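One structure, pasted below without further comment.
The values are calculated or read from the model by the stated rules, or taken from the named source; none is laboratory data. Just so we're clear, the structure is a prediction, and the values are computed from it rather than from any experiment. As a convention, Cβ positions derive from the backbone with ideal geometry for all residues, glycine included, and neighbour counts pool all protein chains shown.
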Amino acid sequence: MTEDEAARFAANGQMIIDNVAGFIQGKRDVITLAVTCLLAEGHLLLEDVPGVGKTSLARSIAATLGMSWHRIQFTPDLLPSDVTGVSIFHQGAGTFEFHPGPVFAHVVLADEINRASPRTQSALLEVMEERTVTVDGVTHQVPQPFLVLATQNPIEMDGTFPLPEAQLDRFLMSVSIGYPDLASEVQVLANNHAGMRIEELQPVADAEAARRMIAIARSMHVERSVMEYVVRLVAATRTAPGIRLGASPRGSVGLLRAAQVAAALAGRTYVAPADVQRLAVPVLAHRIVLADVEADAAARSAVVQQVVSTVPVG
C-alpha cells in the first residue's frame, strides 16, 4: 500500500463513517467497528436490548454504500430454505428454478438469531463462511461485499438456542451498542420529529468502492514482529487464569485482518501494535469461555483486557 492509497482509504473510510454517524447518534465507535468488519470481510454479532438502533445501523451502512440489504426475523419455525432460498419445479418448462432467499444481499440483518433452531442457524453460518449457497448441487454466489449483522437479546433467554462456541467463532467481532447519552437521545428525538428517515440517507460510495477498499486493506504491510504479537495475545487467552476455552487460530487471523483495516482508516501504510490492542476485546472476547458459567460479556472483556495489559509487545 502506498501513502497516497492510505490517504485515500482514510478519507473514504471517514466519509462512510461520518455519513452513518449522521443518522446513528452518539455511537461513532460502534459504527467504526461495523465498517471495519465490512472492510475486513468479517461479520458482526450485536448483543443488546431492543430499540437501541441495531436495524438502523444495518440499513444506514447499506444506504451509505448504495448496497442491498435484507432483514431476517429468526423464529423457532424458520427453516434453512427460508434463509438461503429454494428450487421450485416449473412443470411447463420441466426445469427447476432457484428462488434466492433473503441472505442474497450485501448487508443482512439476522435479528434474534438465537431464537431459530440450530439447523437454521447453521444454514446462515455456512453462508457467512463460504459466501455461497448450494442448492440441488448448484452453487450460487452471494453479493460482494457481504456483511451479516446478527443480533441477540441478552435479557429474554427463554425459548432460545444459544450459539455454540464454534459458531460464535464465525463472527469477526461482537459488540454492544448500548443506550445513547442524553444529548444523543435528544438528537434522536429531534431527528424523528423533523421526519428524518433512512430512505433519505444519500450514498457516498458504492459496492465497487468497498471492494477496492477491501483489496487495499488486505495489502497492508504487517511486520513479522506484529504477527508474532498477535499470536502471543491469542495464545495467552488459552492459558490465562479462569479461562476454560481460549480463542482459536481463526481469532488470530481475524484480529490481524481487522488491525489492517484499522491502520488503513488511520491513514497509515503499516499495522502497529496499538491497532491490535484496540481491537482485541471486540475480536476475541466472544471467542473465549470462562470457567465461571455465570460469567457475562463484561467478564470476558475484562479477561481480554487483562491479557492485553500483560502480554509484552516485543
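Give the residues of region 41-97 that are at pLDDT below 90 and closer than 17 Å to residue 131 by Cα, sorted by residue number.
86
One line per residue, one yes/no per condition, for (1) buried (at least 19 other Cβ atoms within 10 Å of the Cβ); (2) of a type in the set (Asp, Glu); (3) part of a helix (DSSP H, G or I):
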residue	(1), (2), (3)
33	yes, no, yes
38	yes, no, yes
42	yes, no, no
45	yes, no, no
55	no, no, yes
96	no, no, no
121	yes, no, yes
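With the structure loaded, tell me whether residue 217 is buried (at least 23 other Cβ atoms within 10 Å of the Cβ) and either in contact (Cβ under 8 Å) with a residue 60 or more places away in the chain or in a helix (DSSP H, G or I) (or both) or whether it fails that test.
Spelling it out, residue 217 is indeed buried (at least 23 other Cβ atoms within 10 Å of the Cβ) and either in contact (Cβ under 8 Å) with a residue 60 or more places away in the chain or in a helix (DSSP H, G or I) (or both).
Return the pairs, sorted by first residue and then second, in which the second residue is among the basic types (Lys, Arg) and assigned to a helix (DSSP H, G or I), the first residue lies in region 13-33 and is assigned by TED's automatic domain parsing to the domain that holds residue 207 and in contact (Cβ under 8 Å) with a residue 12 or more places away in the chain, the beta carbons are less than 8 Å apart, and the residues are 6+ apart or on different chains.
17/28
Condition first: modelled with pLDDT of 95 or more and touching a Ser or Thr at 6+ places or on another chain (Cβ under 8 Å). Now tell me which residues in region 207-232 satisfy that.
Answer for region 207-232, where residues must be modelled with pLDDT of 95 or more and touching a Ser or Thr at 6+ places or on another chain (Cβ under 8 Å): 230, 231.
Let me ask something else. Going through 235, 240 one at a time, which residue ends up being within 30 Å of residue 289 (Cβ to Cβ), assigned to a loop (DSSP other than H, G, I, E, B) and assigned by TED's automatic domain parsing to the domain that holds residue 258?
Exactly one residue qualifies, and that residue is 240.
Output the number of residues of region 64-104 satisfying the condition of being free of Cβ contacts under 8 Å to residues at least 12 places away in the same chain and within 14 Å of residue 149 (Cα to Cα).
Result for region 64-104: 0.
Now for a separate question. Quick one: is residue 136 in contact (Cβ under 8 Å) with a residue 12 or more places away in the chain, exposed (fewer than 13 other Cβ atoms within 10 Å of the Cβ) and in contact with a strand residue (DSSP E or B) (Cβ under 6 Å, 6 or more places away or on another chain)?
So residue 136 passes the test.
Checking residue 104 against (1) part of a loop (DSSP other than H, G, I, E, B); (2) over 30 Å from residue 24 (Cα atoms); (3) of a type in the set (A, V, I, L, M, F, W, C), which single condition isn't satisfied?
Condition not satisfied by residue 104: (2).
Taking the condition within 30 Å of residue 140 (Cα to Cα) and touching an Asp or Glu at 6+ places or on another chain (Cβ under 8 Å), does residue 87 pass?
yes
To continue, here is another question. Looking at 269, 237, which is the one that is in contact (Cβ under 8 Å) with a residue 24 or more places away in the chain and either in contact with a Pro (Cβ under 6 Å, 6 or more places away or on another chain) or farther than 19 Å from residue 169 by Cβ (or both)?
269
Residues 64, 95, 132, 120: which one is more than 23 Å from residue 29 (Cβ to Cβ), hydroxyl-bearing (Ser, Thr, Tyr) and touching a helix residue (DSSP H, G or I) at 6+ places or on another chain (Cβ under 6 Å)?
Of the residues listed, the single one that is more than 23 Å from residue 29 (Cβ to Cβ), hydroxyl-bearing (Ser, Thr, Tyr) and touching a helix residue (DSSP H, G or I) at 6+ places or on another chain (Cβ under 6 Å) is 120.
Yes/no per residue for (1) in a strand (DSSP E or B); (2) at positive phi; (3) in contact with a His (Cβ under 6 Å, 6 or more places away or on another chain):
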position: 63; (1), (2), (3): no, no, no
position: 76; (1), (2), (3): no, no, no
position: 82; (1), (2), (3): no, no, no
position: 87; (1), (2), (3): yes, no, no
position: 93; (1), (2), (3): no, no, no
position: 128; (1), (2), (3): no, no, yes
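Additional query: Looking only at residues in region 168-193 that are of a type in the set (Gly, Ala, Ser) and outside any helix (DSSP H, G or I), which one is surrounded by the most Cβ atoms within 10 Å (Cβ to Cβ)?
Of everything passing the filter in region 168-193, 174 is surrounded by the most Cβ atoms within 10 Å (Cβ to Cβ).
Continuing with this model, one more query. Just to check your reading of the model, which residue among 84, 2 is among the polar types (S, T, N, Q), closer than 29 Å to residue 208 by Cβ and crowded, with 16+ Cβ neighbours inside 10 Å?
84
All but one of (1) assigned to a helix (DSSP H, G or I); (2) more than 16 Å from the chain's Cα centre (by Cα) hold for residue 203; state the number of the condition that does not hold.
Among (1) assigned to a helix (DSSP H, G or I); (2) more than 16 Å from the chain's Cα centre (by Cα), the lone unmet condition for residue 203 is (1).
Could you tell me whether region 166-174 includes any residue that is assigned by TED's automatic domain parsing to the domain that holds residue 54 and at pLDDT below 80?
Yes - at least one qualifying residue is present in region 166-174.
Within region 256-314, track down each residue that is more than 23 Å from residue 46 (Cα to Cα) and assigned to a loop (DSSP other than H, G, I, E, B).
Within region 256-314, 266, 267, 268, 269, 271, 272, 291, 311, 312, 313, 314 qualify.
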